[in-house]
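Participant: One structure coming up, written as structure tokens, with questions to follow.
We did not get these values from a lab; they are worked out from the coordinates using the rules stated. These figures come from a predicted structure and were not determined experimentally. As a convention, Cβ positions derive from the backbone with ideal geometry for all residues, glycine included, and neighbour counts pool all protein chains shown.
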Amino acid sequence: MDPVLVGAHLTIDLGALQDNYRLLAQKAAPAICAASVKANAYGLGIEKVGPALADAGCQHFFVALPTEGIDLRKLLPDAKIYVLGGLLKEAEKYYLEHNLIPVLNHLQEIEMWADYANEVGPLSAVLHVDTGITRLGLLENEIRSLAATPSLLDSLKIEYVMSHLACADDRTHPLNQQQLEKLHYFKGLLPEKLQETPISFANSAGIFLSKDYHFDMVRPGIALFGGNPMSAEDNPMKEVVHLQGKILQVQDVDSEIHVGYGATYRTQEVSRIATVSVGYADGYFRSLGNRAECAIKQNKVPVIGRVSMDIITIDVSTVAKEDCQPGDFVDLIGNGVTLDEVAAHAETIPYEILTSLGNRYYREYLEPVA
């Protein structure tokens, strides 16, 4: 695609991604540092992100679904790939064919995978216990049932016992310690053969809580891609995503002029307004209208009026005219406008911003500097 044909450019810095991985791996050491790359590597493109992480030393990857695992396997034939969504019914052969390791979330999945292992030979798995997020994982009654029938695991190699933190981005939240204590308690209830099994617990934020949460393998996601792992704290991660929109038109307008659908904004004085080629069809959320900020040469400017399907309008009255002409670019994410700021203005989280990035952008990947 010729970049002159599109209205917005999305740049993904693979070198910064690798630096983020190395920082997290160093902080978590001696625990293994895996990578969560579900949802097409959080919207940034698994075909580039997966190999870049592998080049940085990552050998363990977590995906949500077996289809994602199959795509990643084509890129990384030797990696360990774990499927967080568990063992999908009647899909056992695909896990085996593509060497995917299911995270077993309930007794039925354990029974299904064990039955299949009895047919084809020993199979690897991860055992997920729910310590307080109540989404996936075995609850206490299922753990006790498993402990009462340990033969269910005879044909399985449980590589890790895992759980997932619910509130780790807030280091003062009491649930963090409660989940940690429950994980130790649940581990003690498991069959004797699992008492020495390695544990995986910490997500991006969990890595920053304390060493108590690291155990044997950590599973960062959003921090790899530049999101702040800890709310209300400085972000230690490098910026990976840079989104720029192209200016289509600049107008000098009088005061008391309405802007955009619904006339939700009216100028208070003589103003200069730029129309930018990005909209909610590109994943720039409609809720950002009259709330978000963009930047031109680090100079913050407000988004005014509603976000339309293909365009936004911004007030560039404070920007020099020579810096704001049709064809010039405005920074929407990155280079002065953080991913977390955009998410806050949209009243959402950075995960949703990244996974909503549209397919009309010209995408450029910055390769790591040798």
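Participant: Which value, to two decimals, describes the C-alpha radius of gyration of region 241-337 once divided by 2.2 N^0.38 Å?
Facilitator: 0.97
Participant: Compute the Cα gyration tensor for region 14-225, then decide on rounded, prolate or oblate, letting a ≥ b ≥ c be the square roots of its eigenvalues: rounded whenever a/c is under 1.5, prolate when a/b is larger than b/c in the other cases, and oblate in all that remain.
Facilitator: Oblate is the answer for region 14-225, as a/c is 1.5 or above yet b/c matches or exceeds a/b.
Participant: Under a Cβ-Cβ cut-off of 12 Å, what is the net charge of the residues other than GLN18 that fall near it, where Lys and Arg count +1 and Asp and Glu count -1?
Facilitator: Local charge sum for GLN18: -1.
Participant: Separate question: Between the alpha-carbon centers of region 318-340 and region 176-240, tell me the distance in whole angstrom.
Facilitator: Their Cα centres are 37 Å away from one another.
Participant: Report D for the chain in µm² per second (integer): Stokes-Einstein, Kirkwood Rh on Cα pairs, 10 °C, 1.306 mPa s.
Facilitator: Answer, rounded: 71 µm²/s.
Participant: Among DSSP beta bridges whose residues both lie in region 241-337, state the antiparallel percentage, nearest 5.
Facilitator: Taking every DSSP beta bridge with both residues in region 241-337, the antiparallel ones total about 100 percent.
Participant: What does the convex hull of the alpha-carbon atoms of region 182-296 project to on average, in nm²?
Facilitator: 11.9
Participant: What distance in nm lies between label points placed 7 Å from Cα along the C-beta direction at VAL4 and ASN299?
Facilitator: 2.8
Participant: How about region 1-107: which trypsin sites (Lys or Arg not before Pro) there are in a DSSP loop, with at most 15 other Cβ atoms within 10 Å of their Cβ?
Facilitator: LYS89
Participant: Taking a virtual spin label 7 Å from the Cα of GLU322 along the C-beta vector, which residues in region 271-298 bring their backbone nitrogen under 19 Å of it?
Facilitator: Under 19 Å, as judged by backbone N against the label point of GLU322, lie 296-298 of region 271-298.
Participant: Nearest 500 deg cm²/dmol is fine: what mean residue ellipticity at 222 nm does the chain get from its DSSP H runs of n ≥ 4 alone, each adding -39,500 (n - 2.57), divided by its residue count?
Facilitator: -8000 deg cm²/dmol
Participant: Still on this structure, I have one more. Of the peptides 64-70, 3-9, how do they stack up when ordered by the mean number of other Cβ atoms within 10 Å, highest first?
Facilitator: My ranking of the peptides, most packed first, is 64-70, 3-9.
Participant: So, one more: Counting Lys and Arg as +1 and Asp and Glu as -1, what is the net charge of the other residues whose Cβ lies under 12 Å from the Cβ of THR197?
Facilitator: -1
Participant: Tally Lys/Arg at +1 and Asp/Glu at -1 over every other residue whose Cβ is under 14 Å from the Cβ of MET162; what's the total?
Facilitator: Residues near MET162 contribute +1 overall.
Participant: Right, another one. If you keep only loop residues by DSSP, which GluC sites (Glu not before Pro) in region 152-234 have at most 13 other Cβ atoms within 10 Å of their Cβ?
Facilitator: GLU196, GLU233
Participant: In whole Å, how far is the Cα centre of region 252-317 from that of region 48-124?
Facilitator: 45
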